[in-house]
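Please read the structure below before turning to the comments.
The values are calculated or read from the model by the stated rules, or taken from the named source; none is laboratory data. Quick caveat, the model's predicted, so the values are computed rather than measured. Counting neighbours? That spans all protein chains shown, and the Cβs are built from the backbone with ideal geometry, glycine included. To get the accessible areas, we keep the full protein, side chains included, count just its heavy atoms, and leave off ligands, DNA and RNA. Shrake-Rupley method; radii C 1.70, N 1.55, O 1.52, S 1.80 Å.
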Amino acid sequence: DKNAFLLKDGQGDLKGVTYAEFKRDMDALGTSLLKLGLKGKPIALIGENRYEWCLAYLSVVNGAGVVVPLDKELPLPELENLLSRSDAAAVVFSGKFSDKMKEAARSCKSLEYLIDMDADSDRDGVMSLQGMVEEGRRLLDEGDAAYSSAEIDAEVMSMLLFTSGTTDLAKGVMLSHKNICTVITSVCSTVYIDSNDSSLSILPLHHTYECTIGFLALMYNGGTMCFNDSLKNIARNLKQYKPTLLVSVPLILENMYRKIWNQAAKK
């Protein structure tokens, strides 16, 4: 019954999503993915940091297929290249990427399903993520246990992560549950996190650093995850969410430091 996530609703008020609710959504989405015939297949994921990104990520790796997180800042030709190279059978994306993904589907022959995090219903060949969760709940109620009872092989590839490709084409890094869990337990041996902690997720979740420490290690310890809505609102979000944990990089800290001194100089 503890909050796994703290989210803003349409009015900007905070609402919690409990671990139990998150697990129910995960089992429902995973069940729907299997019903589409996606067992063991690569499923790409693209979008801003949000609840639905985390839901899709864990739903895929915990019994459905291989998750392929992609950088939302990449131009369309590079996205098309990575979708094709990964043989993605489906892509889960936030609404603002709908047009790009429809365009990519024309050139990527392996893509069978387009799944929109923001669509309220299936339309024009694009499926609604929320609709899939609702369908999954119905299947679970009818006794479909294909996903909830799926065996996890800790040694097989469950994630395909593409490097930034600064020197050449982006390289696909194959990771298993065992790889990721080893990192999580290593982090927890050096940084104390418990169920009283909460984090504000700022860095892009498709990066292993943010995904493993800011998301998965927090879930492992029963913490609460909050999402920063934009870089210019970091200070406002810190005040609103009051996180105890911040996963950062030097550039963000330097910007915060500069703003503090600029503000001090004005006063």
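Is it fair to say S186 is in contact with a Gly (Cβ under 8 Å, 6 or more places away or on another chain), open to solvent by less than 90 Å² (accessible area, probe 1.4 Å) and either over 18 Å from N49 (Cα atoms) or part of a helix (DSSP H, G or I) (or both)? Taking the combined requirement at face value, the residue does not satisfy it. Could you count how many residues in region 142-171 are over 23 Å from D25 (Cα atoms) and either in a loop (DSSP other than H, G, I, E, B) or in contact with a helix residue (DSSP H, G or I) (Cβ under 7 Å, 6 or more places away or on another chain) (or both)? Residues flagged as over 23 Å from D25 (Cα atoms) and either in a loop (DSSP other than H, G, I, E, B) or in contact with a helix residue (DSSP H, G or I) (Cβ under 7 Å, 6 or more places away or on another chain) (or both) within region 142-171 amount to 13. Pairs linking a residue in region 127-143 that is surrounded by 14 or more Cβ atoms within 10 Å (Cβ to Cβ) to a residue that is basic (K, R), with Cβ atoms under 8 Å and 6 or more positions apart or on different chains, are E135/K35; G136/K35; R137/R24; L139/K35. Contact map, region 238-250: first residue among the small types (G, A, S), second residue assigned to a loop (DSSP other than H, G, I, E, B) and buried (at least 16 other Cβ atoms within 10 Å of the Cβ), Cβ cut-off under 7 Å, separation 6 or more or different chains; pairs are S248/I202. Restricting attention to region 189-203, the residues that are open to solvent by 40 Å² or more (accessible area, probe 1.4 Å), touching a residue at least 12 places away in the same chain (Cβ under 8 Å) and not in a loop (DSSP other than H, G, I, E, B) add up to 0.
Here's the yes/no breakdown for (1) in a helix (DSSP H, G or I); (2) in contact with a Ser or Thr (Cβ under 7 Å, 6 or more places away or on another chain); (3) open to solvent by less than 10 Å² (accessible area, probe 1.4 Å):
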position	(1), (2), (3)
G12	no, no, no
M26	yes, yes, no
G30	yes, yes, yes
G40	no, no, no
E48	no, yes, no
Y57	yes, no, yes
K72	no, no, no
S98	yes, no, no
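Of all the numbered requirements in (1) modelled with pLDDT under 95; (2) buried (at least 18 other Cβ atoms within 10 Å of the Cβ), V92 misses one, and that requirement is (1).
In summary, D168 fulfils each of the numbered conditions (1) under 20 Å from the mean Cα position of the chain (by Cα); (2) open to solvent by 60 Å² or more (accessible area, probe 1.4 Å) with the single exception of condition (1). Residues in region 233-267 that are charged (D, E, K, R) and loosely packed, with under 10 Cβ neighbours inside 10 Å: K239, K266, K267.
Suppose we keep only residues that are surrounded by 18 or more Cβ atoms within 10 Å (Cβ to Cβ) and closer than 18 Å to G37 by Cβ within region 107-125. Which one would you say is modelled with the lowest pLDDT? Residue satisfying both the conditions and the ranking: C108.
On the basis of being touching a residue at least 40 places away in the same chain (Cβ under 8 Å) and within 21 Å of the chain's Cα centre (by Cα), does L175 make the cut? No; evaluated as a whole, the condition is false for this residue.
Check region 148-155 and report whether any residue there is free of Cβ contacts under 8 Å to residues at least 24 places away in the same chain and touching a strand residue (DSSP E or B) at 6+ places or on another chain (Cβ under 6 Å). The answer is yes, given that some residue of region 148-155 is free of Cβ contacts under 8 Å to residues at least 24 places away in the same chain and touching a strand residue (DSSP E or B) at 6+ places or on another chain (Cβ under 6 Å). Would you be able to say whether some residue in region 129-137 is out of contact with any helix residue (DSSP H, G or I) (no Cβ under 8 Å at 6 or more places or on another chain) and either in a helix (DSSP H, G or I) or modelled with pLDDT of 95 or more (or both)? Checked against the condition, which is being out of contact with any helix residue (DSSP H, G or I) (no Cβ under 8 Å at 6 or more places or on another chain) and either in a helix (DSSP H, G or I) or modelled with pLDDT of 95 or more (or both), region 129-137 yields at least one hit. Considering (1) farther than 18 Å from F215 by Cβ; (2) open to solvent by 30 Å² or more (accessible area, probe 1.4 Å); (3) touching a residue at least 12 places away in the same chain (Cβ under 8 Å), say which one G16 fails and leave the rest. Status for G16: all satisfied but (1). Within region 207-223, the set of residues being in contact with an Asp or Glu (Cβ under 8 Å, 6 or more places away or on another chain) and open to solvent by less than 20 Å² (accessible area, probe 1.4 Å) comprises L218, G222, G223.
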